[in-house]
Each structure stands twice: as structure tokens, then as C-alpha cells.
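Visitor: I am attaching a structure below and will ask some questions about it afterwards.
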Amino acid sequence: MALYVQKYGGTSVGTVERIEAVADKVSGFRESGHDVVVVVSAMSGETNRLIGLANSIQDKPSAREMDVLLSTGEQVTIALLAMALEKRGVAARSYTGSQVKILTDNTHSKARIQDIEVSRMRTDLDAGRVVIVAGFQGADAEGNITTLGRGGSDTTGVALAAALKADECQIYTDVDGVYTTDPRVVEGARRLSEITFEEMLEMASLGSKVLQIRSVEFAGKYKVPLRVLSSFKDGPGTLITIEEENAVEKPVISGIAFNRDEAKLTIVGVPDIPGVASRILVPVSRANIEVDMIVQNVAADKTTDFTFTVHRNDYVRAEEILNQVAAELGAREVVGDNRIAKVSIVGVGMRSHAGVASKMFECLANENINIQMISTSEIKVSVVIAEKYLELAVRALHSAFELDKAEAVSE
Ligand code: ADP
Ligand code: ASP
Ligand code: MG
């Protein structure tokens, strides 16, 4: 019999009825003789509601207190699920992250898991109990409550599966697997039966929020068998695989990711001399602003334009910093745009195929979409375009690369 770690997301536990449905599902697995550790998210919308409450008191509440507040969302669902299981005659016990205990570093709001104590969970499993653990949270060495970043329950699930050497970590959500692109945006998006860790990591970091990036990193590092499935309908879901099996038969592109969270800033007419890039970016990083894409070119008149993207939330702050830097460097001006989007095509097949980027650019040109920035890696090509063209671009690329037709790998 197997040991499964099953994570149920916010929508899957969004109402009491849905929590009861999760209890039915878990009790089915128990009846088949499997051991189950369940990780739950807060009810959908609850984490945002709590953030709203905090912001109604303070613009920038302390990160420590935010973590105390946000961790309550998951504490509600673990207890309700334990009750629903008990009602069905299934023995269960719920635990917060700090009770388990999930030890993290002390970086509030984006803490990293350092260690997980398995003895308590093992005792429960040996006694035939379902273990229910609050996702998204842990405690640092001093016992302060920490959280793992938005979407962090995925990471709790994978980390528990790694610590317990579970047979599979199953991420139950509101879609029945990982799709070629967000099925809410492209109707013709198709479920992939498999995707490699490498591709999933790119998809997640380029904006596909079906799995939190860290959960994929963790699963890849500890070789945790990971599957994304629907809470609402039965099916095989999508297996995240280590091997690039049948790589020859795989399509060049496995998926399309996109991200509307970015903004672009350009400092125009900076002197083209050594040290300029660092003089621009050091103050930005000192302000704790993460920079994503960077483009710089040499102009004939010995000045250059320097463009980079940041998270949209950091746009105003980054623009202020840049105006100051521009004055110091004698640059011409600072221009910005926070209505941009990044679209990326991802696929391990790119390694062995030429002409992928040019096909992407041709497709966008056919739709009259202007490309503002480009960046590439071995298995992805990303472009920045105006946000208003995002959906058009994703749909056009989806059909240009025949993602609606191709079967990525046989079931
Ligand atoms: P949960 O609350 O269960 O963690 P999320 O909202 O975090 O669920 O993730 C599931 C959502 O991810 C889906 O509803 C879907 O809209 C979105 N999504 C984005 N990209 C993809 C993709 N490539 N495949 C599947 N879902 C995707
Ligand atoms: N409740 C947290 C969030 O909304 C964690 C999660 O759902 O994974 O981000
Ligand atoms: Mg999620």
C-alpha cells in the first residue's frame, strides 16, 4: 500500500461542502488501504481577505505580524477537514506547521524550509490516522510563525512528501493537470500527460501559477514524484517527470507561459562607459527591487539606452530611483511603461531544433504585435509586448506551434 501526500488548494476547500467532498476523497484512499498525509490551503479568498484587514490598519505591517495573521487561514481548514473525516469514522489529526514541526529560516513572508520533523506524523500514520497539515507555514528556530510565500502550500506538500519518502505528492486543484497554457485564457489549451521538471520550473517562473516555483525546485532536487490533478473530477492528471523520455517525439514547444506582473523602465542616453550598468542597478537592488529582463545596446553617439523590467508593484519606487540616477549620470530621460506583459514559449525540444525563436517572432509579426524586449535561455524564449495584445499573442502562438493539436507524449 502506498503513502500519498495530497495537497488541496484554496478552491478545493473553498466551502464547507467542498471540504466534505475532500473528506470523501481522502476516506476513499483510506478504504483502499493507503496512508494519507493531507496538506490544505486556506479557503479561497481568505488569504487576500486577511491581507486586506491588515492593510486597513497599516500600509506596511510588520512581516512578523503578517505571518501570524496569514497562517490563521490554513488553521481553519485543517480543523474543519479533521472534523469532516471524524464524522465519516476516519481517524485524523490536524497540525499547524509549527506543531509538526516544519523548521524554516526567519525570512518572514518568504521563508525557506530547512527541516521537517517526521516522528509525530509517523506515529499517527502507524496508528492508522490521517495526518492533516496546514500548508504555507512553518516556524523559525525561535518559534516565530513564518509563511512560505503566496501559493506556498504546494511547497509544504512537496517538502512533506520528500521528508516522508512518500510514493507520490499529489497536488489537487481546480484544473485536471498542467495545460499547454492557462486554460482560462486559451480555450484550446490541452492537458499534458507529462512535463519535465525543467520545463515545469520554467513555466512556473515565467508566470504559470499552477505550481509554486519553489515546490517544483524542491521536487526536482529531492526527486519527489509529483502529479497535478483535479479535486473535482477523476483522471490521471499531469506527471512531472525527471527523464526526457521520447524526447525525439516530443513537440518542440511544450507550453506557453505569461505574466502581467511586470513593468518596464528605460534610462535614455546614458554615457556608454564602464560601470554604468552597475551605477544604475546597484541602487535598485539596494532598495530590494528584483530586476528581471535587462537590455542594453551601444549607440553610434557614444550613449546608450538601458532598459529593464521589475515587478509592477515596484514600478513607482524604481522610477524614483532611476530619476535620481539619471540626474547623476547626465542621462537624457527616464521613460517607463507598466502596461506590458511577458509571453514565453517553453520546451526542452528547443535544444535540438533551430528556428524556434524566428517562428515565434514571425507569428507575432503576422498579428502586428510589436516586440519590445527579447530574452532567451536553452529551453525558453520570452518577449515583452504591450499588455493589451497578451491574449491575442498567446492564442496565436498556441496555434502556430500546434499545441492544440499535438499530443505531447502518449498516455
Ligand atoms: P490552488 O488554489 O489549487 O493552488 P491555483 O489557482 O494556485 O490553484 O492554480 C490553479 C490555476 O492555475 C488554474 O485554475 C489555472 O487557471 C492556472 N494556470 C496557469 N497556467 C496553467 C497551466 N499551464 N496549466 C494549468 N493551469 C494553469
Ligand atoms: N493560502 C496561501 C495563498 O493564498 C497559500 C496557498 O494557497 O498555497 O497564497
Ligand atoms: Mg496554488
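Visitor: May I ask you to verify whether LEU103 is closer than 15 Å to PHE136 by Cα and within 16 Å of ligand 1 (Cβ to nearest atom)? Break it down into steps so the answer makes sense when it comes.
Guide: On the way: closer than 15 Å to PHE136 by Cα: yes; within 16 Å of ligand 1 (Cβ to nearest atom): no.
In short, no.
Visitor: Of the residues SER62, SER71, SER56, which single one is within 10 Å of ligand 2 (Cβ to nearest atom) and either surrounded by fewer than 14 Cβ atoms within 10 Å (Cβ to Cβ) or of a type in the set (Ser, Thr, Tyr) (or both)? I'd like the intermediate steps shown before the answer.
Guide: Working: SER62 fails: within 10 Å of ligand 2 (Cβ to nearest atom); SER56 fails: within 10 Å of ligand 2 (Cβ to nearest atom).
None of the other options fit; the residue is SER71.
One line per residue, one yes/no per condition, for (1) at pLDDT 95 or above; (2) touching a helix residue (DSSP H, G or I) at 6+ places or on another chain (Cβ under 7 Å); (3) of a type in the set (Lys, Arg):
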position: HIS353; (1), (2), (3): no, no, no
position: ILE369; (1), (2), (3): yes, yes, no
position: ALA386; (1), (2), (3): yes, no, no
position: LEU392; (1), (2), (3): yes, no, no
position: LYS405; (1), (2), (3): no, no, yes
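Visitor: Sticking with this structure for a sec: What strands (runs of 3 or more DSSP E) completely inside segment 136-215 contain at least 3 residues that are touching a residue at least 40 places away in the same chain (Cβ under 8 Å) and away from ligand 3 (no atom under 16 Å from the Cβ)?
Guide: Details: elements: 137-139, 145-147, 168-173, 194-196.
Fully inside segment 136-215 and qualifying: 194-196.
Visitor: Which of (1) within 12 Å of ligand 2 (Cβ to nearest atom); (2) under 17 Å from ASN259 (Cβ atoms); (3) touching a Ser or Thr at 6+ places or on another chain (Cβ under 8 Å) does SER153 not meet, given it meets every other one?
Guide: (2)
Visitor: Checking the structure you have, find out if any residue of segment 319-339 is in contact with a strand residue (DSSP E or B) (Cβ under 6 Å, 6 or more places away or on another chain), in a strand (DSSP E or B), under 18 Å from VAL252 (Cβ atoms) and of a type in the set (Gly, Ala, Ser). Show your work before the answer.
Guide: Filtering segment 319-339 for residues in contact with a strand residue (DSSP E or B) (Cβ under 6 Å, 6 or more places away or on another chain) gives 319, 322-323, 326, 329, 331-338.
Of the ones still in play, those that are also in a strand (DSSP E or B) are 333-337.
So of that shortlist, the ones also under 18 Å from VAL252 (Cβ atoms) come out as none.
Looking through segment 319-339, none of the residues is in contact with a strand residue (DSSP E or B) (Cβ under 6 Å, 6 or more places away or on another chain), in a strand (DSSP E or B), under 18 Å from VAL252 (Cβ atoms) and of a type in the set (Gly, Ala, Ser).
Visitor: Can we say ALA134 is among the hydrophobic types (A, V, I, L, M, F, W, C), crowded, with 24+ Cβ neighbours inside 10 Å and out of contact with any helix residue (DSSP H, G or I) (no Cβ under 7 Å at 6 or more places or on another chain)?
Guide: Values: among the hydrophobic types (A, V, I, L, M, F, W, C): yes; crowded, with 24+ Cβ neighbours inside 10 Å: yes; out of contact with any helix residue (DSSP H, G or I) (no Cβ under 7 Å at 6 or more places or on another chain): no.
No: the conditions fail for ALA134.
Visitor: May I ask you to list pairs of residues, at least six apart or on different chains, whose Cβ atoms are under 7 Å apart, with the first in segment 75-89 being of a type in the set (Lys, Arg) and the second being at pLDDT 95 or above?
Guide: What qualifies is ARG88/ALA23; ARG88/SER27.
The values are calculated or read from the model by the stated rules, or taken from the named source; none is laboratory data. Quantities reported herein were computed from a predicted structural model and do not represent experimental measurements. Using ideal geometry, Cβ is built from the backbone for each residue, glycine included, and neighbour counts are taken over all protein chains shown.
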